[in-house]
Amino acid sequence: MTSTATLFTNIGELRTVSDLGTLHDAALVAEDGIITWVGAAADAPACDTQVDLEGRAVLPGWVDSHTHMIFDGDRAAEFEARMAGQDYAAGGIAITMNATRAASPERLRELLDARVHAAHLGGTTSLETKTGYGLDVESEALAAQLAADAVGDVTFLGAHVVPPGADPEDYVDLVTGDMLDAVAPHVQWIDVFCERGAFTEDQSRRVLRAGQERGLGVRVHGNQLGEGAGVALAVELGAASVDHVNYLTDADVEALAGSDTVATVLPACDLSTRQPLAPARRLLDAGATVAIASNLNPGTSYTSSMNFCVGTAVLQMGLSLDEAIRAATWGGARALWRHDVRGGKDRTGRPAVGTLVPGAACDLHVLDTSHAIDLAYRPGMPLTHSTYVAGVRVA
Ligand code: NIG
């Protein structure tokens with residue numbers, strides 16, 4: 001073994017989220033940010049650099065495949081009113097739009113960097129984030145550019161809501177025209193909020209097809225506030241993921257189970273909006289792929305804590321610990337086309353994430369406990385010990 005390799009050893013419980021399963025008294029070796037060896041600590045090759053994890057549990061870093069990190073302001077008053085009985089409505093997005101448009105690029109960059117750091121502190125190693133609080137050409141382009149400098153996957157969500165005063169059809173023309181032109185150099189994905197109060201099925205299809213024509217992968221916000229066309233549209237267009245999925249018909253579940261489209265559930269959002277928790281158990285039982293993401297945003301989910309989301313999935317959504325960890329790592333990677341160690345659909349040539357096997361990125365979430373079940377057994381406790389991205393400690 002050459003001296004550039006690092007040995008992470010004395011791992012009490014190594015959850016590989018792969019066919020290798022969970023190993024005890026384990027070790028792994030990384031070279032240039034990529035895992036090159038995984039196995040029993042007693043069999044590990046010698047390396048010049050060694051990190052002793054002192055019996056802690058290690059999992060793949062969380063892959064948070066749905067966030068809205070570029071915004072200024074908060075909506076605490078709206079949240080408090082909701083907790084007093086008001087319903088969530090998409091209209092609140094305009095409040096954040098105004099605050100975000102008013103913020104300087106420097107301030108937005110600072111806020112974004114702080115949010116990325118907070119995510120690292122919680123064990124997250126891969127992040128997707130969306131535009132969608134600018135809603136004019138200039139502000140959306142700025143958000144896309146800032147995001148591209150800070151996170152691995154950027155999604156254009158100009159079609160988040162029709163800004164106040166705009167004509168819906170004219171706005172869709174703008175999103176699929178000048179706005180898409182302006183953001184395209186910075187984004188890999190296109191998304192639409194296909195929901196009552198946001199965009200209709202036809203408008204959503206137009207937006208997503210325009211993105212596909214520009215080579216962008218498709219994601220959909222769907223079936224959050226009621227049954228609707230989001231899931232079927234996502235499956236029709238070969239979307240990587242349809243997110244929220246709170247209200248599903250049997251046909252929706254069947255369509256997801258028979259497709260490559262991941263169903264991304266957002267437990268923190270469901271709690272914060274007092275929607276019924278998305279039916280993750282039913283989706284898994286039907287054979288669909290499920291991801292868990294934080295949905296960090298100021299309106300419906302002001303947290304990036306994937307530990308909280310995973311604990312909630314176990315305690316309240318009926319998932320086993322294995323299922324919840326898999327959904328928040330490998331599932332998130334599937335939702336971003338980053339799960340395949342051989343490259344797969346990811347067109348960027350980046351290593352796979354969300355699994356700890358040779359060939360994948362050495363993205364590690366080290367827990368301050370020897371068993372990962374504490375994520376649900378000791379909910380809310382500070383369980384993240386350290387976080388490594390490509391073999392380098394970031395938190
Ligand atoms: O994913 N559902 C649409 N977008 C966000 C909420 C945005 C907001 O209310 O600010 C979400 O929940």
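The values are calculated or read from the model by the stated rules, or taken from the named source; none is laboratory data. Quick caveat, the model's predicted, so the values are computed rather than measured. Here the Cβ is made from the backbone with ideal geometry for all residues, glycine too, and neighbour counts use every protein chain on show. Accessible surface areas use protein heavy atoms only, side chains included; no ligands, DNA or RNA. Shrake-Rupley method; radii C 1.70, N 1.55, O 1.52, S 1.80 Å.
Let me check the size of segment 62-336 from its C-alpha atoms; what are the radius of gyration and Dmax in Å?
Answer for segment 62-336, Rg first and Dmax second: 16.9, 47 Å.
Does segment 236-386 classify as rounded, prolate or oblate by the C-alpha gyration tensor (a ≥ b ≥ c root eigenvalues; a/c under 1.5 gives rounded; else a/b over b/c gives prolate, otherwise oblate)?
oblate
Taking a probe of 1.4 angstrom, what is the accessible area of residue 36 in Å², to the nearest 10?
Surface open to solvent at residue 36 totals about 60 Å².
Towards the positive end of the charge dipole of segment 62-336, with charges on Cβ (+1 Lys, Arg; -1 Asp, Glu), say which of 284, 180, 325 has the farthest Cα.
Farthest towards the positive end: 325.
Write down the accessible area per residue of the chain in Å², having rolled a 1.4 Å probe over the full set of protein chains.
For the chain, the solvent-accessible area averages 38 Å² per residue.
Among DSSP beta bridges lying fully in segment 62-336, give the percent that are antiparallel, nearest 5.
Here the antiparallel bridges make up roughly 5 percent for segment 62-336.
Which is farthest toward the positive dipole end of segment 52-151 among 93, 67, 133, measuring Cα position about the Cα centre, with Cβ charges +1 (Lys, Arg) and -1 (Asp, Glu)?
Final value for the positive-end residue is 93.
Given a 1.4 Å probe and heavy atoms of the protein chains only, how would you sort 270, 48, 74, largest accessible area at the top?
Putting 270, 48, 74 in descending order of accessible area: 48, 74, 270.
Report the accessible area of residue 47, computed with a 1.4 Å probe over the heavy atoms of all protein chains in place, in Å² rounded to the nearest 10.
20
For segment 6-88, which GluC sites (Glu not before Pro) are in a loop by DSSP, counting at most 16 other Cβ atoms within 10 Å?
Sites meeting the loop and neighbour criteria: 54.
Quick one: ranking 130, 345 by accessible area, 1.4 Å probe, largest first, what do you get?
345, 130
Loop-only check: which trypsin sites (Lys or Arg not before Pro) in segment 248-337 are DSSP coil with at most 15 other Cβ within 10 angstrom?
Those that pass, being in a loop and sparsely packed, are 274.
In debye, nearest 20, what is the charge dipole magnitude of the chain about its Cα centre with +1 on Lys and Arg Cβ and -1 on Asp and Glu Cβ, if you could check?
Charge dipole, the chain, about its Cα centre: 380 debye, nearest 20.
Size of the dipole of segment 319-395 about the Cα centre, Lys and Arg at +1 and Asp and Glu at -1 on the beta carbon, nothing else charged, in debye to 20?
So the magnitude is around 360 debye.
Under 5 Å between amide hydrogens, which residues at least 5 positions from residue 124 or on another chain qualify, with H placed 1.01 Å from N in the peptide plane?
Here the answer is 62, since their amide H atoms fall under 5 Å of that of residue 124.
Per DSSP H run of at least 4 residues, take -39500 (n - 2.57); add these up for the chain, divide by its residues and hand me the 222 nm value, nearest 500 deg cm²/dmol.
That comes out to -9000 deg cm²/dmol.
Among 22, 348, 129, whose mean-square fluctuation peaks in a Gaussian network model of the chain (Cα, cutoff 10 Å)?
The residue that fluctuates most here is 348.
Placing unit charges on C-beta atoms (Lys and Arg positive, Asp and Glu negative, everything else neutral), compute the dipole magnitude of segment 1-121 about its Cα centre in debye, rounded to 20.
For this selection, approximately 500 debye.
For the chain, list the DSSP H helices whose alpha carbon atoms reach 27 Å or more along the long axis and whose average Kyte-Doolittle value is 0.0 or above?
Going by DSSP H runs, there are no hits.
Please name whichever of 4, 297, 229 sits farthest to the positive end of the charge dipole of the chain, dipole taken about the Cα centre and charges placed at Cβ: Lys and Arg +1, Asp and Glu -1.
Comparing the listed Cα positions along the dipole, 4 ranks first.
Once you wrap a convex hull around the alpha carbon atoms of segment 1-125, what is its projected area averaged over all directions, in nm²?
Projected over every direction and averaged, the Cα hull of segment 1-125 covers 11.7 nm².
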